[in-house]
Structure formats: structure tokens, C-alpha cells
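Input: a single structure, listed below in C-alpha cells.
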Amino acid sequence: MTRDYIDINDFTVLVEEATTNTMVVDTCSFDEPVVAVAFYGSGNVDLKVNYGSQSRTFNHTKGLALSFYADSSVEFEHTVVPEKPLRCILIATALRNLNNLPNQEGEIFSSLLSELVNPSDHYVEGPRFFMTPEMDQIVDSVFNMKYHGKTKMMFFRSQMTALLSHFFGQLATMQTEKINLKEQDKLYRAKEILIDNLDNPPSLSELSRQIGLNSYSLKKDFKELFGVPVFKYLQNERLKTAHELIRNQEATVQEAAWHVGYDSLSSFSNAFEKKFGYRPSQIK
């Protein structure tokens, strides 16, 4: 388990990562009321939020961006298992600091996350959605970062600003689009199904049937909500998972290709190079 705390202006950034050979339950809480956004990387850890007699559970966190208000009585519980490591970036600011945030950031929080700035309970969940490819790339870069000292701080400052900018930009887009909440839940479910079946994904018609949405709406609204077509998202997730397996020396290039559903090693290598700019055999 590693926890890296970084203070940037009136924001606290927590970068948390954990892998394990057995099940481990990790809990954390805040010393004072905060408004925060959590960005979950490729680990897909399970999350449970406990507050009073209530709880909220997330079983598919991979790629999730979750905004919330929480006071000191709220407990966040991550269940880390071998196949579901924890990779999370949390950007938080104390409620008392909102008016002091630079560059009108306080105004952005107040306008787009008004239910969190004026909370009605110990824990209030704000907008949540799966990250765009740009946000995914930033989160991945943080967990693969090798800088130290002042260079590390410069990197974090730039990446956290970019991550929040993408978050609020996507949130503003979602608030003006016409996809209703019930349909959004179906589209989130479609992403979960794809993530769980990288090696043998359903066809578009089968995916439509599973989530209860016609193929036309699935194709159109998936791209509108997440920024990429259904099977472009699937390809991106396949290649990111393969990259992680090879980088962590958990699989050979051939094994990684098979694991994410590629029968042809040359097709896998070509797609990999197109996405990352280098061949899978060049990973160190």
C-alpha cells in the first residue's frame, strides 16, 4: 500500500495504490468536511462508502470519476484482492477553502457541484461518470510517473489541473445533453460488460439486448456520453490491460494478446504500436 499526499494551492491530492496476494480491506476518512473527486485507474477495486446507517457500494470502479461531499463521520472502504488492485487519485478541498480557490475554481465547483457545496447529509454523492480517453491517459501517466522532487511537483500540478479541467468540461457537456439518467445507467452497464469480457466481448446486438437499449441508441449515445464509439473503447481497454500485464511481467507479449482476445500476434502488435507509439516487445 502506498499513499502519496501532495498539497497544491488549497487542494490536497491523494495518490493511492495497493496490490496484494490476499484480500485486504483498506479504510480511510477525512478530518474535516471536503468536496472531492475520485478518479479510479485500471485496478477496478471494489468501493463501499459507509455513513450513519447507510452505505453505497461500487463493484465496478475501473475508469470511474466520482464526485462527493463527505464529513469526518464518513468511512471509505476499499476491498483489494489480487485481481482487483487499488489505483485511485483523489483531489479534495475543504469546504471552508472554496472561496479561496484561484482562477475562479471555487465558482466552478459552486455552479456545477452545487449539491455538494450545500450538502444535505454527511455524505452526498454528486455526478459520476466513466472517464474520457483523455482523463484515462492522465490517470495512467500518474501511476507510471518516474519523476522526483521539484520535477514531480511540477508534473503533478500540471496533470491535476488538466484532470479537473477535463472533469468539469465533461460534466458541463453532460448537463446540456439530452441523455436521461435512466439511459446513462444502461450505458454505464454496457461499459462494465465490455470491461468484464475483454477476451470475448458480446456483439453490438447482444450488448444492446443485455442492457435493454436498441443498437442505434447504444452506438449514438455511447459515443456522445463517453467520447468514443463502443468498439473503439473496447480496443483501448484491451490494449491498456495488455500493456499493464506486460509491464508488470505478468504475461509475455503472446500471452497478453491472448488474454485480451487477440488471436493474431501481428494484429495485436500493430494496434498496440498505433496506440502507444512503440511495439509491445519494447516495454521495459
Checklist entry - List the pairs whose first member sits in region 103-114 and is within 18 Å of Gln170 (Cβ to Cβ), whose second member is crowded, with 17+ Cβ neighbours inside 10 Å and among the polar types (S, T, N, Q), and whose Cβ atoms are under 7 Å apart, counting only residues at least 6 apart or on separate chains? => result Leu113/Ser67
Item to check | Tally, over region 246-283, of residues that are in contact (Cβ under 8 Å) with a residue 12 or more places away in the chain and either among the aromatic types (Phe, Trp, Tyr) or under 18 Å from Ser141 (Cα atoms) (or both) | outcome: 10
Next on the checklist: Is it the case, given these coordinates, that Val15 is in a strand (DSSP E or B) and closer than 30 Å to Leu225 by Cα?
Outcome noted: yes
Checklist entry - Quick one: in region 111-129, which of the residues that are among the hydroxyl-bearing types (Ser, Thr, Tyr) and surrounded by fewer than 16 Cβ atoms within 10 Å (Cβ to Cβ) is modelled with the highest pLDDT? => result Ser120
Next on the checklist: From the list Ala38, Ala70, exactly one residue is modelled with pLDDT of 90 or more, farther than 29 Å from Glu250 by Cα, of a type outside the set (S, T, N, Q) and outside the structural domain of Asp185 (by TED's automatic domain parsing). Which is it?
Outcome noted: Ala70
Checklist entry - Does Val81 meet the test of being among the β-branched types (Val, Ile, Thr), touching a strand residue (DSSP E or B) at 6+ places or on another chain (Cβ under 6 Å) and under 29 Å from Asp185 (Cα atoms)? => result no
Item to check | Candidate set: region 202-226, residues that are free of Cβ contacts under 8 Å to residues at least 24 places away in the same chain and among the hydroxyl-bearing types (Ser, Thr, Tyr); chosen: the one surrounded by the most Cβ atoms within 10 Å (Cβ to Cβ) | outcome: Ser208
Checklist entry - When only residues in region 203-246 that are among the hydrophobic types (A, V, I, L, M, F, W, C) and over 23 Å from the mean Cα position of the chain (by Cα) count, which is nearest to Tyr262 (Cα to Cα)? => result Leu204
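In region 249-260, what count of residues is obtained for those that are outside any helix (DSSP H, G or I) and in contact with a Lys or Arg (Cβ under 9 Å, 6 or more places away or on another chain)?
So the first thing to find is which residues in region 249-260 are outside any helix (DSSP H, G or I), and the list is 249-252, 260.
Still in the list and also in contact with a Lys or Arg (Cβ under 9 Å, 6 or more places away or on another chain): 260.
Residues meeting the conditions: 1.
Could you tell me whether any residue of region 170-177 is in a loop (DSSP other than H, G, I, E, B) and more than 18 Å from the chain's Cα centre (by Cα)? Please lay out each step first, then the result.
To start, the set of residues in region 170-177 that are in a loop (DSSP other than H, G, I, E, B) comprises 177.
Of the ones still in play, those that are also more than 18 Å from the chain's Cα centre (by Cα) are 177.
Scanning region 170-177 turns up at least one residue that is in a loop (DSSP other than H, G, I, E, B) and more than 18 Å from the chain's Cα centre (by Cα).
One line per residue, one yes/no per condition, for (1) surrounded by 14 or more Cβ atoms within 10 Å (Cβ to Cβ); (2) of a type in the set (S, T, N, Q); (3) closer than 16 Å to Gly41 by Cβ:
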site: Val228; (1), (2), (3): yes, no, no
site: Phe231; (1), (2), (3): yes, no, no
site: Leu234; (1), (2), (3): yes, no, no
site: Leu239; (1), (2), (3): yes, no, yes
site: Ile246; (1), (2), (3): yes, no, no
site: Ala251; (1), (2), (3): yes, no, no
site: Val260; (1), (2), (3): yes, no, no
site: Ser264; (1), (2), (3): no, yes, no
site: Ala271; (1), (2), (3): yes, no, no
Next on the checklist: Looking at (1) among the aliphatic types (A, V, I, L, M); (2) at pLDDT 85 or above; (3) in contact with an Asp or Glu (Cβ under 7 Å, 6 or more places away or on another chain), which one does Met135 not meet, given that it meets all the others?
Outcome noted: (3)
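Run down Val117, Val139 and say which single residue is in contact (Cβ under 8 Å) with a residue 60 or more places away in the chain, outside the structural domain of Arg209 (by TED's automatic domain parsing), touching a helix residue (DSSP H, G or I) at 6+ places or on another chain (Cβ under 6 Å) and not polar (S, T, N, Q).
Details: Val139 fails: touching a helix residue (DSSP H, G or I) at 6+ places or on another chain (Cβ under 6 Å).
Within the list Val117, Val139, the selection yields Val117.
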Next on the checklist: As an exercise: evaluate Leu47 against (1) in contact with a His (Cβ under 9 Å, 6 or more places away or on another chain); (2) over 27 Å from Glu250 (Cα atoms); (3) at pLDDT 90 or above and give the number of the one condition it does not meet.
Outcome noted: (2)
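The values are calculated or read from the model by the stated rules, or taken from the named source; none is laboratory data. As the structure is a prediction and not an experimental result, all values here were calculated from the model. Cβ coordinates were reconstructed from backbone atoms using ideal geometry, including for glycine residues, and neighbour counts include every protein chain displayed.
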